[in-house]
Each structure stands twice: as structure tokens, then as C-alpha cells.
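What follows is a set of notes on a single structure, which appears directly below.
The values are calculated or read from the model by the stated rules, or taken from the named source; none is laboratory data. Only a predicted model underlies this, so the values are computations on that prediction, with no experimental measurement involved. Positions of Cβ are generated from backbone atoms using ideal geometry, with glycine treated the same way; all protein chains shown enter the neighbour counts. Areas reflect the complete protein model, heavy atoms only, side chains present, ligands, DNA and RNA absent. Shrake-Rupley method; radii C 1.70, N 1.55, O 1.52, S 1.80 Å.
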Amino acid sequence: MIVPLEHVLILAAALFALGAACAVMRRGVIMILVGVEIMFTGAAVAFIGAALRWQSLDGQAAVILAMGLAAAELAFGLALLVHARRRGGSLKSDRYTGLGGRT
Amino acid sequence: MKTWLLAMLLFPLAGALVQPLCGRLFGLGSGNPADRGHWAAIVACAAVALSLCAAVAVLVLAQGRTSALALCPWFGMDGFTAQASLLYDPLAGFMALTVTFVSLLIHIYSLAFMRGEQGLGRYFCFLNLFVFFMLLITLADDLLFLFLGWEGVGFCSYSLIGFWHRKTANVVAGGKAFIFTRLGDLGLVAALAVMAGLWGASSLSLVAAKAASLDPGTAQALGFLILLAALGKSAQLPFSAWLPDAMAGPTPVSALIHAATMVTAGAYLLLRLSPLLAQAPLVLEATALVGAVTALYGALAALAQKDIKRVLAYSTISQVGYMFLAAGCGDVPGCLFQLMSHAFFKSLLFMVAGCLIRAGGGEHDIFKLGRMASRLRRELPGVCILFACGAVSLAALPFTAGYFSKGRILADVLGLPGWPYAVSAVLALAAAFVTAVYAVRLVYVVLAGQARESAPASVRGADVAGINRMAGVLWPLAILSLGFGFVNPPHFLGLTAWLDAALANAPSLPAPALSFRFEPALAAFEAALALAGLWLARRLYGPGQRGTPARTGLDGTGMLASGFGLDALYVTVVAGPYRRLALLVASSLDQTVLDGGVTKGAGAFLAFSKAVSGLARGRITDSLAALLAAMAAALIYLASRLG
């Protein structure tokens, strides 16, 4: 492996941090979902790097699993979003305050 | 024998149990108010009457023998055993006879006196229960068993003083009596503990057997503890303050508990433990001295009272003082003699006072009662005669019961050497004079007045029949208070002293050291004292001076009326500081520290939860940020563990 593991991990951490910042800071629901996807990607990069480093296929299998999971999650989230939009909701995450207990 | 003893004890107990269990059967809650509780009263009377029959039967069967019998073991622990056991000797026999006889008359009197009152079931239940506990004191052998009765009579006294519990003052008076007698009970408890430590048991027969081998210091300590108990129960100085207040109860209760029986239980305890006291001469001297001082104290205080029942209450304190004096002289028959004659004439006086109060429409003030004296004399001559009978016996006019019993005690105390007895003798003689004065004063003020313009028209026709019915049962007591003295006349009269003879063959009692040297002269002197008292009272309160009541400078106000300020002293020295301490604890400790602490703590929690609830606004990004922050923190922690 010509790229050292440290670099891969730094890239993964940067992707994860960017995704997290996106998920926390953006107010649009779609952008939050995008941030979550980027966090997934960061984690996947770390898995791939580790798989190459130790010459083990387990990491790649985990990545395939995570990609499937991310696709399912995204599909589910978008479906919910479409449903909410149809019910007269909005795409702003701050409008969804049901968890605060003050309905 | 055993059967009869048990019957005597258990009939009143059964009566007391029947009252609450079968109250509905007696129609307490319904029907004609005048007949309400009539059956309850009759059942109570029957229980005491049967008990009296049993007491007579036992006295006849026992024929002066002493018999101890154990009923059943009560409990045992750690080397100490207590059992329910009875010790019957002539002393207990006569005491039981007095208790049941006086109780029976008072029960019958209550039948008329309490007619139509609310809560008769409760009244007769406690009255019967009282008789049971009193008989327990009278008969018990084991001192712990006796203690059961001792506390029981205190409880019944408390309940009956506060019988009219809707008035707070009555309840307070009951509580005061209870607390004061508890103080004395500490002495009995301590004595019981000492005996338990010494012998592993505490019965009268054991005390009688071991007293002679006791070392003097222990005997003295035990004696003083017993004396403390007796002083508390018998309202002697310095514990006398509760008895005048105890008059808040119904008059029959005052007659039974606070004159005839319970307050004399202290003196009776001293008699029962006389084998022990005989080993402790110092205790005997102290007993005599306290008794004599109390006799004079009570007599002086009675001189200035305006409330007829308080006169009699202080008079009781004074007369019980004579009993202590006799017990202090070691004269068991003399003390019992005074106890019995006092029970007769004082319960008579109390119950007649109840009649007079009823006739006066609830008036307790003797001077106000005196305003209708002429009506009383005309409409209730029987009551007046009864009152006079009781009063002459109290005043110890010659040949009444009080004359003989008091003369016996004076002869005892004069016959003994040592300064305590000399001082006691002087005090007792002075008290005898004052007693005559206040007793005759009572008669003159209440009965000898002329009709006055402001006379209240209180003797109503409807009442006269009821009052005469109440007074009807008192004639036996009147006869006894005049004639009972001849049961035990002094030696120089040459008659048989029945009571002395009956008690003489009780082996457990030490023989009294009687001296007959002074008797004739003393009897004459006592008669002279009584007659002088009569003369003085006649000068002060007699018919000629009746226009000016309350002019002697004594009545109703001043040191004497307040019992030398003893009650006020207790209020300032004990009750006041205690109340202030309680208020302090209530306001500062309880409200500020405890309540304040709890309130502040709750406030802190409230503020904390308000602050925390601000975080939970339900914003998704906040939740995400929190999730990530928590995860980061967890990971940092794990990473630090790795390193």
C-alpha cells in the first residue's frame, strides 16, 4: 500500500467531521441527510484503509453493508420527508418540534 | 377463696368490657334522652355490687389469714420474672372492702347524677375499669402487677377528669393530673428496677421476706423511691398542684378517684411496703414530715377557697397528709383507719357538694350558694343534714370517725422520739385546728345564710326530686362518717379496737410502736382544738356576720387561695420554660432548619430542572449536536484509556 494508513485516516476523519458539521449546522432536512451520508462515507474510507493495511476482506464487506444501509436509510428518510411535505410540513428541520413535548 | 378473689377482680373488668361491646343494646344512642344509658348504669352498678359481695365473702372466708396465690406467669426475661399474683391479707381485705363499698355507692349516685348525659357508656366503662385497676393495686402481690393497676388508675383518672372533653380546660386538667402522677411513677419504676437487679423479681411477699437482710443504704434508696411514687399519686407536696385542677371532672369522679380511693393509693402502697420502710427509719421520718407539712398546707389552702370542690380538694390533700404521717409513724392500722374514715366522709362531702351544685344550677362558689341557704334548708333538709354529718367528721368534732382516726395519728406521732416527729406533731396539731375552721366555715357559709334579696331562684321543683334521689344513697356514708370511729376507738375508752385486732395477726406487717401515754389528754386536747376551730369559724362566718362574706381577707384571693403559689411556681419554673423551648424548637428548628431545608432543596431541584428543560426544545439539530458531542466525549475517554 503506497498511501500510508495515517493519511487515509486523516481523510476519513476530515470527511466525518465535515459531515457532522453539515448535519448539525444546516437547517434543511435534505442537507442534514446529505451530512449523514458524508459521515457514512468517512467511516467507509476508514474501513477501506484498514482493509488494505491488514489485507483483510472484512473491512470491505463492512463497507458494502454500510453502503446498503445508507441507501436504505436515505430512501426511508426521503420517503418520510415527502410524506411530511404532503401533510403541509416544511423542509426546515426547526419546524419539527414534536420531541420537545410542547405540541 | 381463689374463686372469690378472682370474682372480686374480674366483675368490674367484665363490666368495663361489656359497656363498649354492648353499648347499642343499652340504647345509648336513641330513645328518650332521660333514659339514655340507664341500662349501662345499671349493668355497671351490678358489676360493682357483685364485686362488693365477693369482697365481703373473701373477708369472711379468709378469717384474718394471709394467703398468696399466683394466677399465672406473666413474662420473664434475662433473669427477671414477673407473674400475675395476688397477696391477700387483712390490710388488703379492708382496703378492697372500702374500695368496692364506696365505689358501689358512687356508681349508684352516678345513676342519678349523670342522668341524660352524653357518653354514659364511656363514663361507666372507665368507672368500672377504675374499680378493677384499684382492686389490682389493692390485691396485687407482684409489684409489676401492682404497677399495671397503678398506671391503670392514672389513665382512668385522666379519662374521667376530661370526661366533658368538649371544654379544653377539662382536657388540660386531665393531662396535668396525668403528667404529675407520672413524675411520681418514675420512683416506682426505679424501685422496680432496683428490686429486679437485686432479686430478679419484685413481689411484696419477697420484699417482706428479704427486707430484714437488706443493707441499710439500699433499703433507704428503695424507700425513698417508693415514697416518691406515693407522693406523686397522693398529691402530696411537692406534687400537690394537680389535685385542685382535677376537680374539672364530674363530681362522682372527684368523690371516687380524687378523694376516696386513687389518691389514697400512695398511702396504701406505703402500708403494703411497710416491712421495707421499717428498715429505713430516715424514710419514715421523711414520710411523716412531708405528711404533716402537707396536712397543714392543704388545710390552710382550703381555708381560702371559694369553689366548693376546690375546698374539698385541698382538704383531701390535707387529710391524705395525715395518712402519710401515720405511715411515717409505722402505724399501719392507724393509717388504714384514717384512710377508711376519710374515704367515707370525704366521698360523702363530695357527693353532697354535687347535690348542692345541682341545686344551685351549676354554681360552685360557696358564697353564691350561701345566698339560697334558707331555700336549701327548707326544700332539701336531708342534703343539709348529710353535709353537716360529713363536715363534723372532717372537722373531727368529738366521737365522729375523723376524731378517732386523727386522734390515733396524733397519739402516734407524739409518742415517737426525734425532732422530725416533734415538728410533725406541732404541724399536725395546727392542721387539726385549721381543719376544724375550714370545715365549719364551709357549713356556715353554705348552709347557715339568711335569705337575701339577690337570692337566685335555683332550687326548682323539678330538681328537688332528682337531688333527693341522689342524696338517698348517701345515708350509709353519713352513718359511717359519724359512727365508724367506734370500730377502732382509743384504748382509754375501754372498747374493743376491731381494726387493730384484725390487722394484728397479719404476720407480714410490722407491729406498730404504740404508746398510750398521752391518749386521754390528747383526746381532750383534740376535742378542744376542734371546738376552738368551730368557735372561730362561727365568729368569722356565723349567722351574725353573714352580711359580709369574703371580708376576712382570705377568701378567693391571695397566697392561701392560690395554694401558696405552688401551681404558679410550676407554671413559671417548669411549664413556662418548657413551652418557650417548645415554641423555640417549633419556630426556629422545625420551621427554619427542617422545613426551610426541605423547601430550599425542593427549590434547587426546581431551578435545576427548569434549566435542564430549556435544553430540550425538540430541535433536531440540537439533538444531533448533543449526540455527536456525547459520542465524541465517549470516544475521547476510550482513547485516553487506550493510551
**OP:** Convert each backbone phi in the stretch B:622-633 into a coupling constant with the Karplus relation 6.51 cos²θ - 1.76 cosθ + 1.60 (shift: θ = phi - 60°), then list the ³J(HN,Hα) values in order as whole Hz, x for Gly and Pro.
**Re:** 4, 4, 4, 4, 5, 4, 5, 4, 5, 5, 4, 4
**OP:** Please work out how much accessible surface A:Glu6 shows to a 1.4 Å probe, ignoring ligands, DNA and RNA, in Å² rounded to 10.
**Re:** 120
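Enter the accessible area per residue of chain B (Å², integer; probe 1.4 Å; all protein chains in place). Walk me through the numbers on the way to the answer.
Numbers: 25210 Å² over 643 residues.
Counting only protein heavy atoms, the per-residue value for chain B is 39 Å².
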Original post:
Which ³J(HN,Hα) values, rounded to whole Hz and listed in residue order, are derived for the stretch B:275-283 from phi using the Karplus coefficients 6.51, -1.76 and 1.60 in 6.51 cos²θ - 1.76 cosθ + 1.60 with θ = phi - 60°, glycine and proline given as x?
Top reply: x, 6, 5, 4, 7, 10, x, 4, 5
Original post:
To the nearest 10 square angstrom, how much accessible area does B:Lys2 have with a 1.4 angstrom probe?
Top reply: 90
Original post:
What is the count of Lys pairs in the protein assembly as shown whose alpha carbons sit under 28 Å apart, if the two are 8 or more places apart or on different chains?
Top reply: 26
Subject >> ³J(HN,Hα), Karplus 6.51/-1.76/1.60, whole Hz, each residue of the stretch A:3-14, x for Gly, Pro >> reply: 8, x, 4, 4, 5, 4, 5, 5, 4, 4, 5, 5
**OP:** Name the long-range amide H neighbours of B:Leu71: under 5 Å, sequence gap of 5 or more, or other chain; modelled H, no Pro or chain starts.
**Re:** B:Ala84, B:Ser85, B:Leu86
Original post:
Quick one: how many Å² of A:Arg27 are accessible to a 1.4 Å probe, rounded to 10?
Top reply: 90
**OP:** Taking 7 Å along the Cα-to-C-beta vector as the label spot, tell me the A:Phe76-B:Leu183 distance in nanometres, rounded to one decimal.
**Re:** 8.3
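Take the Cα radius of gyration of chain A and divide it by 2.2 N^0.38 Å, with N its residue count; two decimals is plenty. Working shown, then result.
Numbers: Rg = 17.0 Å, N = 103, 2.2 N^0.38 = 12.8 Å.
It is 1.33.
R0 = 30 Å: FRET efficiency of A:Leu18 with B:Phe605, Cβ-based, nearest 0.05? Each step should come with its number before you reach the end.
On the way: r = 41 Å, r/R0 = 1.37.
It comes to 0.15.
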Subject >> Dimensionless Rg ratio for the protein assembly as shown, taking C-alpha atoms and the 2.2 N^0.38 Å reference >> reply: 1.58
Original post:
Which three semi-axes in whole Å describe the equivalent ellipsoid of chain B, each the square root of 5 times a Cα gyration tensor eigenvalue, listed largest first?
Top reply: 53, 33, 26
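Given an 8 Å cut-off on Cα distances and at least 6 residues of separation, report the relative contact order of chain B as a percent.
Values: 1077 pairs, mean separation 78.6, N = 643.
Reported as a whole number, the value is 12 percent.
State whether the stretch B:271-346 is rounded, prolate or oblate according to the following rule on the C-alpha gyration tensor (a ≥ b ≥ c being the square roots of its eigenvalues): a/c under 1.5 gives rounded; otherwise a/b larger than b/c gives prolate, and the remaining case gives oblate. Walk me through the numbers on the way to the answer.
Working: a/c = 3.83, a/b = 1.84, b/c = 2.08.
Cα axes put the stretch B:271-346 in the oblate bin.
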Subject >> Label-point separation, B:Phe564 to A:Ile48 (7 Å along Cα→Cβ), nm >> reply: 11.2
**OP:** Can you tell me the 0 to 90 degree angle between the C-alpha axis of helix B:596-615 and the longest principal axis of chain B, rounded to 10?
**Re:** 20
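Could you state how much accessible area is buried at the B-A interface, both sides summed, with a 1.4 Å probe, in Å² to the nearest 100? If you can, show how the numbers build up before the last one.
Working: alone 25730 and 7460 Å², together 32210 Å².
In total, chains B and A hide about 1000 Å² from solvent.
For the protein assembly as shown, what is the mean residue ellipticity at 222 nm derived from helices alone (per DSSP H run of n ≥ 4: -39500 (n - 2.57); sum divided by total residues; nearest 500 deg cm²/dmol)?
Values: 32 runs with 516 residues, N = 746.
The per-residue figure over the protein assembly as shown is -23000 deg cm²/dmol.
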Original post:
Ignoring ligands, DNA and RNA, what percent of the 1.4 Å accessible area of the protein assembly as shown is carbon and sulfur?
Top reply: 71
Original post:
Between A:Val3 and B:Thr621, what is the FRET efficiency for a Förster distance of 30 Å, r being their Cβ-Cβ separation, to the nearest 0.05?
Top reply: 0.30
Original post:
With the other protein chains left in place, how much accessible area per residue, in square angstrom, belongs to the stretch A:1-75 at a 1.4 angstrom probe?
Top reply: 62
Original post:
R0 = 41 Å: FRET efficiency of B:Asp78 with B:Leu584, Cβ-based, nearest 0.05?
Top reply: 0.55
Subject >> Charge dipole (debye, nearest 20) of chain B; +1 at Cβ of Lys and Arg, -1 at Cβ of Asp and Glu >> reply: 1800
